[in-house]
1. Over all alpha-carbon pairs in region 17-143, figure out the percentage whose distance exceeds 21 Å.
2. If region 160-247 were replaced by its equivalent ellipsoid, with semi-axes equal to the square roots of 5 times the Cα gyration tensor eigenvalues, what would those be, largest first, whole Å?
3. State the extension gain, in nm to one decimal, for the chain segment bounded by residue 67 and residue 177, taking 0.36 nm per residue of separation less the distance between their alpha-carbons.
4. How far apart, in nm, are two points set 7 Å out from the Cα along the Cα-to-Cβ line at residue 211 and at residue 23?
5. How big is the Cα convex hull of region 172-212 in projection, averaged over all directions, in nm²?
6. Mind checking the full-extension length gain between residue 152 and residue 78? Use 0.36 nm per residue of separation minus the Cα-Cα distance, one decimal, nm.
7. Ranked highest first by the average count of other Cβ atoms within 10 Å around their residues, in what order do 175-186, 190-201 fall?
8. What order do you get for 70-77, 43-50 when each peptide is scored by the mean count of other beta carbon atoms within 10 Å, highest first?
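Here, each number is a calculation from the coordinates, and none is a lab measurement. It should be emphasised that the depicted structure is a prediction, and the values quoted were computed from it without experimental measurement. We place every Cβ from the backbone using ideal geometry, glycine too, and count neighbours over all the protein chains shown.
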């Protein structure tokens, strides 16, 4: 499946021919599915996609431990990317908020620069009736977003923001009941930071692409069910394509 929003192609094709492009593989909500990673690997080989960076927007495990998260990262490294960045999701062990996994870059309140892009994020989900591992109140999200803003004071148009929790009142945070469960603080963060790209996950049924002011925001859907996305970014920091895919 290849779903591309034509409005996201901001330059005509002729204008981008010859430019070096950066390909980002966007995934979320793996929930410990080793089979999903194997299917993704086959899909990338078939389509000859070689991402320079893999972005993981949380829920590497399904209430697993640190060692299980390490195994997921190990398998993701076999996809051929030189860079992996991640934030933990609400179903990941709380230790992932502070403990980095070898071979990948934890970006929960930690900026990481790669090829002139700045990756930074916030892990965890909102308060739920399910008592999951990493949950934050809206007041706690507000504290985390304010802290992130202080960490990124320059070159904000080069930022790729990654959160597990989606922004409030968008197409990316609607659950089956029709309720919006996203974070108001994360929405305000996107509007204040105006990053080049925002990636989220968490709400499996809210796969899609949305635009908040100048920022493209994407929920790739759960990799556990075969969903992922590809972003292509030009060296002048313009996103020329966002594609939702399935393997």
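1. Above the 21 Å cut-off, region 17-143 has 40 percent of its Cα pairs.
2. With the √(5λ) rule applied to region 160-247, the semi-axes are 20, 18, 9 Å.
3. Roughly 36.1 nm would be gained on extension.
4. 2.5 nm
5. 2.9 nm²
6. 23.5 nm
7. 190-201, 175-186
8. In descending order of packing, they fall as 70-77, 43-50.
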